[in-house]
1. Using only Cα atoms and rounding to the nearest 10 degrees, what angle (0 to 90) does helix 153-166 make with the longest principal axis of the chain?
2. Bin all alpha-carbon pair distances of the range 148-220 at 5 Å intervals from 0 and give each bin's fraction as a whole percent.
3. At R0 = 56 Å, how high is the FRET efficiency between R264 and A106 if r is their beta carbon distance? Nearest 0.05 is fine.
4. Carbon and sulfur together cover what percent of the accessible area of the range 423-520 at a 1.4 Å probe radius?
5. Which three numbers, in whole Å and largest first, are the semi-axes of the equivalent ellipsoid of the range 664-709 derived from its Cα gyration tensor as √(5λ)?
6. Kindly report the accessible area of the chain per residue (heavy atoms of protein chains, probe 1.4 Å, no ligands, DNA or RNA), in Å².
7. Looking at the range 127-283, what % of the alpha carbon pairs are farther apart than 21 Å?
8. Pop a pseudo-label 7 angstrom from the Cα along the beta-carbon direction at both N645 and K456 and give the gap in nm to one decimal.
Amino acid sequence: MKQVVQNYKSGELALLDVPVPGCKPGGVLVRSAFSLISTGTELMKVSEAGMSMLGKARSRPDQVAKVVQSVAANGVPATYRKVMGKLDSYTPLGYSLCGVVEQVGAGIDDVKVGDLVACAGNEHALHAELNWVPKNLYVPVPDGVAPRHAAFGTVGSIALQGVRQGESRLGEVALVIGLGLIGQLVTQLLNASGVRVVGVDPDPARCELAERLGAAACGDPGSASVESAVAELTGGMGVDQVYLAAGGGSNQPVELAARLCRDRGRVIDIGKCRLDLPWNSYYEKELDVRFSRSYGPGRYDPEYELQGRDYPIGYVRWTERRNLACFLDLIARGSVDVEPLVSHVAGFEDAVETYRRLEEGELKAVAVLFRYAPGQDAPAAEAPEVTVPKVSRPSGRTAPARRSGPVRLAFVGAGNYASSMLLPHLTGRDGVELSTVVTTTALSAANAQRKFGFGKATTDLDAVLGDPAVDAVFVVTRHSSHAELTRRALLAGKAVFVEKPLALTEEELAGVLAAVEESGNDRIQVGFNRRFAPLLREAKERFGARGGPASLRYLVNAGRLEHGSWYLRQDTEGSRFAGEGGHFVDTASWLLDADPVSVYAAAPAGGEDLQIVLGYPDGSTATISYVTSGPASFPKETLDLIADNKVLRLDDFVRAAVHDGRRRQWVGSRLPKARDKGQNAELAAFVKAVRTGGPMPVPLESLAATTTATLAVRTALASGVPVTLAGAR
């Protein structure tokens, strides 16, 4: 089998062929699925190995002291041979992984062959294809936790033990210094505990990530913004706890801790930073300095780790194994989200090159995973399949009647998008009556009524749904409410126009389709407006029918959101792509005249930048590049469709052309047009369908397939392999 090793004398890193470990009693043999690189601890070891002998000595004075003692006891020649022999040997790397149980040793009865487990230990959870892991250093992975997320278990336990040492209490304020992997996890754990967090890191990207994941404020250690945030959150008293999650030789972290901590506050050292405590500062505040030892009680105790002797829970509530299980449970319940921390996933065969890129700064990352080739016993999560729900309609339903008078519309929500992109196209339109607007606050309803001429304004949704005079309901609220409001409106017998997304989870989508089946009402349209854009429709017509598979490239320069935007509230409103991505999936599927049958996704740049590849029944592919790191001056959307020696090119809905191999045909004119993304035509088609009783502009089956594919992106990211969309048309 293959294993990552390092020679501490020469600094050489290698992917070495080594024998398969035996399955001893008291443990299990685990085939790795994903292992996590500790970008702090491991890179420090890799860096030290590349130093000169003098540099190694300076970086490890504790080891120098042992050498001096050995010289005194055994003499110089014997000590030299011992030291050089140890240095000139391969040592393993890694201590946090997830894998599949391949063999069960004697005395083990809590797991079986084929079970997915998270493993810990710098001698047992190594970057290797197979590891023997003793009982107290593995835990079963809860249902619903992806293998790549479970690989964070050990590092998560380190962060969790640090938080336990801080004895945080609900309502307190904490300072986290260092927003690398451990610092990001500490921030999330404190936030889940009801503690407000101020983060400190010189890297603006890490500060932004911590704020997205729950920190109240973050900034550079030398900035005044950090001190002002602490003063505002604590009334000038100082933070209750400081967590030192930084490394390096600077004494700045402990000095900053003293300055911003309250009287008799707690300072917890989790990382390995310089600890030259300024005596006066720590003495005057009587600060409590604590150390957090790795994953928790049991660490470094051979009887616990190797012999499986547990500590009684009445005396030691949180051992390292219980911490490991607790952290995985927090992931399973959504209290901690590790996916945004994944900056890069590398194949295990590229391990040496990955370490080189990390050490040289070419690859900037918070968390990096190794992905191993799945074995015969790999769990289903490694080859995921998502079922596109079938649309069921009662056969005896009555078709909606044609309307003789105006179509009466009610709006639920009247925020910025409704006010700027929908209502202006409906106000004053022939055959349309804006009947009622419903908002959560009375004043916003009154403002919408005054501005757009609604007949009534209310905060009572039930009154609108029960009003027989209302023909159709527009759901234009925050994403988390779309599915439930749509379901209720369908059950009330209304036609529904719901802005994207239709649903944020598979369960929400199933609830909407269950309402269709229960009521027999399939009168629903999702605001996928781009397929109605006049420029794109004309370009598709010019392109003509295809004779073979196509390749589609869709670049979405989404840009960064303003701090505080509700789009960033992933715990309630879903990911940004889950909310917006259906637009681009629907456009690609409409251009390719089919629904996707597979989804693959990767996040090469970390954060929210995504690369998504959709597969279609005829072999066509659509690649959607959804990026937030591009400049605002670059067009938001550009699209190329290539097939049969022809190219369709769309530039941000202002210009389009079709290249047929001989010449370029401009659609309309080569001069840019006013940007029209199709909202007006989409609304006209919806109103016509409601008035005439004809079919909705987009089949419900297509809406369900697009929503399923959009949601499957998260599954594909978590698994690292393509997701099959079973049942797709």
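1. 80
2. Per 5 Å bin, starting at 0, the Cα pair percentages come out as 3, 19, 31, 24, 17, 6, 0.
3. Working: r = 51 Å, r/R0 = 0.92.
Efficiency at R0 = 56 Å is approximately 0.60.
4. Values: 2060 of 4130 Å².
With neighbouring chains kept in place, the figure for the range 423-520 is 50 percent.
5. Equivalent ellipsoid semi-axes, largest first: 28, 17, 10 Å.
6. Per-residue accessible area for the chain comes out at 43 Å².
7. 46
8. Taking the two extended label points, one gets 6.4 nm.
The values are calculated or read from the model by the stated rules, or taken from the named source; none is laboratory data. In this text, all values refer to a predicted model and were calculated from it rather than measured experimentally. FYI the Cβ positions are ideal-geometry reconstructions off the backbone, even for glycines, and counts take in every protein chain you see. Quick note on the areas: whole protein, heavy atoms, side chains included, nothing else; ligands and nucleic acids left out. Shrake-Rupley method; radii C 1.70, N 1.55, O 1.52, S 1.80 Å.
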